[in-house]
1. Would you mind checking which residues have amide H under 5 Å from Gln79's amide H? H placed 1.01 Å from N; only 5 or more apart, or other chain.
2. With a Förster radius of 35 Å, plug the Cβ-Cβ distance of Ala202 and Tyr171 into 1/(1 + (r/R0)^6) and report the FRET value to the nearest 0.05.
3. Label-point separation (nm) for Ser141 and Ile66, each offset 7 Å from Cα along Cα-to-Cβ?
4. What's the extension gain from Lys233 to Gln153 if we count 0.36 nm per residue and subtract their Cα-Cα distance?
5. Please state the charge dipole magnitude for the chain, taken about the Cα centre, from unit charges on C-beta atoms (+1 on K and R, -1 on D and E), reported in debye and rounded to the nearest 20.
6. Which distance in nm do the two modelled labels at Arg74 and Arg225 give, with both placed 7 Å along the Cα-to-Cβ direction?
7. Where Rh denotes the Kirkwood radius from the mean inverse Cα pair distance, what is Rg over Rh for the stretch 42-151?
8. Can you tell me, using C-alpha contacts under 8 Å and at least 6 residues apart, the relative contact order of the stretch 161-299 as a whole percent?
Amino acid sequence: MLSAALNRLIGMLTVMAIVVTIVFIIVRVTPGDPAAVMLGPDATAADVEALRQRLGLDGTILEQFISYVGGIFRGDLGQSIFLGQPVTTALWLRAEPTFFLTIFSLAIATVIALPIGVASAYWRGSWFDQTMTSLAMFAASVPSFWLGLIFIQTFAVSFGWFPTSGYGGPYSSLGERLYHLVLPATTLGIVSSALIMRFTRASMLDVLNDDYVRTARSKGMSEWRVVVRHALKNALIPILTVIGLTAALLISGAIVTETVFALPGVGNLIVSAVLRRDYPVIQGALLIVAGLYVLVNFVIDMLYLLVDPRVRY
């Protein structure tokens, strides 16, 4: 396992180096000048140029890239142009809503998808299987922002059960803040559950007719033990893969949901930074998201070895 972890770690560092380069180039070639945006349309060319020099945007692309990479090695992602604070501080202050939203959404998606996927595979071709498969296809095709608006109108406006937006006040308790995440987490969880359910069903169908499952049944084991202990355990590899990918996608996919529900998370910060051409925040946020994506895949790869010792890298 140590050798596999080292190989995966080297791969992670290579991927992150490529990500840093691509993100830097994309942000720099995007139309728009943050200095001009900050000063407004009435600013003179001299004022814009002076501000560019003060912000360090007057150097060549290579000089800016070398400075940026050097800052990363020092743990410095730069200074936000508009917020006037370090990018790491800006991201940290907005990490809590995004973190809990991602965790709750993944938990809801897994709780919904895993048992339904197993039951659909077990009762393949039944009315239950056909109904759940149709609902999964519908959930996969529904835009998260549309479902979020429907939930707001129904459960927040009409019934008044949940708040329409926000994350509570600055002195709100953790329970109150989590209460604000019920609707957005349910929105993301339902949309994300479709993929997990379909992969769970397909993976279970591959193993339910294998010889060792028939042997377990012939020994008189209960159906529950056969399905859960033998079939599901051996079907976990592709299921873990799709759960890991879903977790990674939720981190980036929270941008739309946070905007709909006005959550002060990283996703909302990225949207604001893009509109303001706040280069350091955009680069730092995308770098963190990419790093989390790579980290999730690394954890899933390591879980493979625990679930199935036959896996070799």
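The values are calculated or read from the model by the stated rules, or taken from the named source; none is laboratory data. In this text the structure is predicted, and so the values were computed from the model without any measurement. Because the Cβ atoms are built from the backbone with ideal geometry, glycine has one as well, and the counts that use them run over all protein chains shown. Accessible surface areas use protein heavy atoms only, side chains included; no ligands, DNA or RNA. Shrake-Rupley method; radii C 1.70, N 1.55, O 1.52, S 1.80 Å.
1. Val87
2. That gives a FRET efficiency of 0.15.
3. 5.5
4. Result: 24.7 nm gained on full extension.
5. 1140
6. Calculated label separation equals 6.4 nm.
7. 1.28
8. Value for the stretch 161-299: 25 percent.
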